[in-house]
Structures are given as C-alpha cells and as structure tokens.
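Here the structure is laid out as structure tokens; the discussion comes afterwards.
The values are calculated or read from the model by the stated rules, or taken from the named source; none is laboratory data. Values in this document were obtained by computation on a predicted structure and should not be read as measured data. Because the Cβ atoms are built from the backbone with ideal geometry, glycine has one as well, and the counts that use them run over all protein chains shown. Remember, those area values only see protein heavy atoms, side chains included, never the ligands or the DNA or RNA. Shrake-Rupley method; radii C 1.70, N 1.55, O 1.52, S 1.80 Å.
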Amino acid sequence: MRRLLHIAPLAAAALLGVQAQAAPMGFKESWMAMGDLSPNWREGFANYAFTARDAVGPSLLYMRSDDKTKSRELAEVAYTRLLKRWNMPHAQANVWFVGGLGAVRGNDFSGTRTMASPGVQVDYETTRVYAMGFARLYRAEGINHDYAAARLGFSFYEVDYDEVQPWFVVEARRMRGLSDMTEITPMLRLIHNRYFVEAGVNNSKQLRFNFMYTF
C-alpha cells in the first residue's frame, strides 16, 4: 500500500507532462526535436536532457518582417534549465530558463554578428487546461528583436496515457523590429505520450505548423 501511495503522484505528474507538453525539454537522457513553421518564422531545434533539469542543443531560426523586406538567420547553441516546479494534486506549474548564444545574419548588413537570446517561460497545466507565457530577448550589435508570446488551451476530453488527445490552443505573439502587429493563431493540437503536432491559420491568413518529438 505504501508503495502504491508513493507511485501514484509520480504517475499523475508523468501523465500531466504528457498531456499538454508545455516543457521545452524531455526527461533525463532523452532527446527532443521541435519545429515551428510559418512564412515569417521558421524555427527548428534539438536538445539533449543531460539531467532531469538541464538540456542543451543546436537551434536554427529564420525571421522575416511583415513586409518581407528584412530577414534574419540565427544559428545558436541553446541551453534549457528547469528553475522551479510545483506539483499539485491535479496540476503542474513550471518556470524555465531558455537561452542561446550564436551568430546571426541579415539581408540589411554584411557578415555575421554575435547574438545572445536569454528568455523565461512560465506554464501551468492540467489534463484539460494549459496556459503559458514566454519572453525572450534577441540581442546583437544594432539589433533588438525581443519576443513575447502567450498561449491558452483546453482539451476536448481526457484520454488514457497511450491515447492521442485533441486540444484547441490560441497563441498571441509579437516580435520587436520585424512586426508592427500581434500575430494571433488558433490551432488544433494532437498529443501523444512522446509527440505533438499542431496546425492553424493566423490573423494574416498564413498557415502555421508545429511539431515536437521526444525520443
């Protein structure tokens, strides 16, 4: 009985982590690959969780202005750290640090510049509700593309651990220096225990597709 009481909270926490997949890294000694694809924003990264709280890996990011006249290409090494976690009976909340250092190219300057990109993510999730806020600085000499995003979502129904669960998610995001508008994208998300895929159309009528896989 004592062993069952000890295992139950761990199983619940694992199930929560699988349902909403708010985490920017996987479990210890796992690899995670993620992509975020749209006409003005294309990002791909992979990281390796060398502890239960730390992960590191390469990241590639393409950014383009709304009027299509300005673009950036960033290649960096990114580090992720779980700063704080609260495990509740039916919910989980986290604070993450995500930061990178790399080289950025642009079509309005020559050569490359060193770019630093520290950021913080705060998220809260249950098996039915998901909320997330994210802010990240993209800074290089003469460049300021600070970025902020917020998400809110809900699942249509609960499922077992090994079943696919559908979610509806709405994201608002904005980047300084490349866009004068806030991009809002409603998306349908399908989550399994090791992956998710999501797709939607933003308020500029642009298709967006995201994916994540942990292995």
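About the Cα centre of the chain, what is the dipole size in debye to 20, counting +1 per Lys and Arg Cβ and -1 per Asp and Glu Cβ, all else neutral? Kindly include the intermediate steps, with their values, before the conclusion.
On the way: 25 positive and 21 negative charges, 74 e Å.
Dipole size: approximately 360 debye.
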Can you tell which of PHE45, SER59, THR80 lies farthest toward the positive end of the dipole of segment 33-92, using +1 and -1 charges on the Cβ of basic and acidic side chains (Lys, Arg; Asp, Glu)?
THR80
Roughly speaking, what is the stretch gain from PHE156 to ASP67, that is 0.36 nm per residue apart minus the C-alpha to C-alpha distance, in nm to one decimal?
28.3 nm
Which lysines, on any chain, are close to LYS68 with Cα under 24 Å apart, when same-chain ones fewer than 8 places away are left out?
LYS205
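Which value, in debye to the nearest 20, describes the size of the charge dipole of segment 59-154 about its Cα centre when Lys and Arg Cβ atoms bear +1, Asp and Glu Cβ atoms bear -1, and nothing else is charged?
Working: 13 positive and 9 negative charges, 35 e Å.
The dipole of segment 59-154 has a size of about 160 debye.
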What percentage of the solvent-accessible surface of the chain, computed with a 1.4 Å probe over protein heavy atoms, is contributed by carbon and sulfur atoms?
62
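Per residue, how much accessible surface does segment 66-215 expose to a 1.4 Å probe? Answer in Å², no decimals. Walk me through the intermediate numbers first.
Working: 7860 Å² over 150 residues.
That works out to 52 Å² per residue.
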Residue (of TYR161, ASN210, GLY100) at the positive-pole extreme of the chain, dipole from beta-carbon charges:
GLY100
With angles folded into 0 to 90 degrees, how steeply does helix 2-20 sit against the dominant principal axis of the chain? Use alpha carbons for both and round to 10.
30
Just how large is the dipole of segment 133-211 about the Cα centre, in debye to the nearest 20, putting +1 at every Lys and Arg Cβ and -1 at every Asp and Glu Cβ?
380
Could you name the lysines whose alpha carbon sits less than 17 Å from that of LYS84, not counting residues in the same chain fewer than 8 places away?
LYS28
Return the FRET efficiency for the residue pair MET181, PHE97: r is the Cβ-Cβ distance, R0 is 30 Å, and the value is rounded to the nearest 0.05.
0.60
Two-decimal Rg to Rh for the chain - Kirkwood Rh, Cα set:
0.99
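If I stretch the segment between HIS90 and LYS205 completely, what's the gain in nm (0.36 nm per residue apart, minus their alpha carbon distance), one decimal?
Numbers: separation 115, 0.36 × 115 = 41.40 nm, distance 3.68 nm.
Gain on extension, HIS90 to LYS205, equals 37.7 nm.
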